[in-house]
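For reference, the structure discussed in these notes is given below.
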Amino acid sequence: MKVTRTGTVLLFLLVCTSHAFGQAERLSDAQIAGVVFVANQGEIAAGESALRRTRSRSVQAFARRIVTEHGQVNQEIIALTQRLAANLQRSGTSDALTKENNDDLARLNGADARGFDEAYLDREVDSLSRLVNATDTFIRSTTSADLKMLLVRSRPSFIFHLDQVRRLKYAIGSPEIGR
């Protein structure tokens, strides 16, 4: 019974999150850039939390990479909007994602020292999976060639991060593999 309830809750969360990442509303290019910017801010904030809290060198290295590379993407987004004399725009999607990022940080900050790495890696698997899927959707729906190129260039990095966190999660979960 508990497994069924957990599965139902997870399915509900998946449906809600797919809507929160741009599936429910048609976003303008400025709103798409805003969503990707907010998603990267969430990655950076979670990575900075991991750098403060984890004792695992592997998790630290991963978090450092996340903070650096997602920060670079956000710098590119800012440069693009300045070059096009545009502004990032909020949307229901970016607002929901901001709330979700804040909730994630609260959960991470509430995790005890022993459970932090697992909570952080679980968050990253979920968040990066949705970021890759959203990037694919946004590449197809953006009308700006410059934004499309930025998304196309960023996508392999997002996929690499997702693969890396999955491998790290597996390695950290295996007691015989060093941290």
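No value in this document is a laboratory result; all are computed from the given coordinates. In this text the structure is predicted, and so the values were computed from the model without any measurement. With ideal geometry, Cβ positions are generated from the backbone for all residues, glycine too; neighbour counts draw on all protein chains shown.
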>> Please compute the length gained on full extension between E48 and F160, using 0.36 nm multiplied by the number of residues separating them and subtracting their Cα-Cα distance.
In response: 38.4 nm
> Expressed as a whole number of Å, what is the distance separating the alpha-carbon centroids of segment 145-171 and segment 21-83?
Replying inline: 11
> Hey, what do the phi angles of segment 55-61 turn into as Karplus ³J(HN,Hα) couplings, whole Hz, using 6.51/-1.76/1.60 and θ = phi - 60°, x for Gly and Pro?
Replying inline: 9, 7, 5, 5, 5, 4, 4
> Around L151, with a cut-off of 13 angstrom between Cβ atoms, what is the net charge of the other residues, counting Lys and Arg +1 and Asp and Glu -1?
Replying inline: 0
> Considering only the other residues whose Cβ falls under 12 Å of the Cβ of R83, what net charge follows from Lys and Arg at +1 and Asp and Glu at -1?
Replying inline: -2
